[in-house]
Amino acid sequence: MRSLILLALVGAALAVPKVQNRIVDGEETTIEQYRFMANLEFSWQGVVWTSNCGGAIITTNAVLTAAHCPYGDQVSQWRVRAGSSATASGGSIHQLSAIRIHPDYNRFQNDVAVLILSNLLTVSPQVGAARLAGASYILPENSVVTALGYGLLADAGDVSPSLKKIDVSISNQQACIDLYEELKVTEPHWPTIGQGNVCTASNANGGSACNGDGGAPLVSENDIIYALTSWGKNCNDDKYPIVNVLVPNYIDFIIGSV
């Protein structure tokens, strides 16, 4: 049986610029459908804030994201917008009290982090916690998961004004590894795909995560966080899959960080 983990919400009865990644060729959705979705905003000086990454609410004071998003930054340079379908308005804004990056993070390896909020989220029809895929919750090749994000509509394109979603399929892992290892012969800067990753292919229309969706969740069964967008060669690339963080591989770190 696949294991699921639902972190209890505190007080609630519920079981540069920065590198970006965003949804290409997706469809608009609403925060009410994915109320765990969070938009992570970055500012150099705390004056102008821009959408830079995505995340998933896992308790009333913790958001799961990719480590490459806040790595090397000050806590004060990031904040969380929760409860809004719009990219840059609405919902509630939350400052951070801590950034907990996986201790073995290195160049997209172990690319997972937990952000601790300085004040508690208020649970509502627009704000709630996701479930987490446990260590034995492993989906087979060709399974469909839904990628979420507020990001760019194309490589070097415009930022989406609202939350988007797109269904993508889990790729053959060895084929994905082989493609990127071959690419590294001529472009050695690409990261290495490890056991903590899962690859996803563009959908039939070429849609995928893209710049600005880094750290945003890929979900199974509507609210189970199975993976987090991490990196890839191009948006909507027919040859090279998107490489994601496999949440079941990091469940102990995640639980220990909240």
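Read the figures in this text as sums done on the coordinates, not as results from a lab. Being a predicted model, the structure only gives us computed values, none of them experimental. Reconstructed Cβ throughout: ideal geometry from the backbone, glycine too, with neighbour counts over all protein chains shown.
In terms of Cα atoms, the Rg and Dmax of segment 79-146 work out to 15.5, 40 Å. Inter-part distance, segment 39-100 to segment 216-250, computed on C-alpha centroids, equals 19 Å.
Modelled label positions at residue 93 and residue 187, each set 7 Å beyond Cα in the direction of Cβ, lie 3.7 nm from each other. Each of 138, 114, 67 was placed along the dipole of segment 56-167 (beta-carbon charges, centred on the mean Cα), and the one lying farthest toward the positive end is 114.
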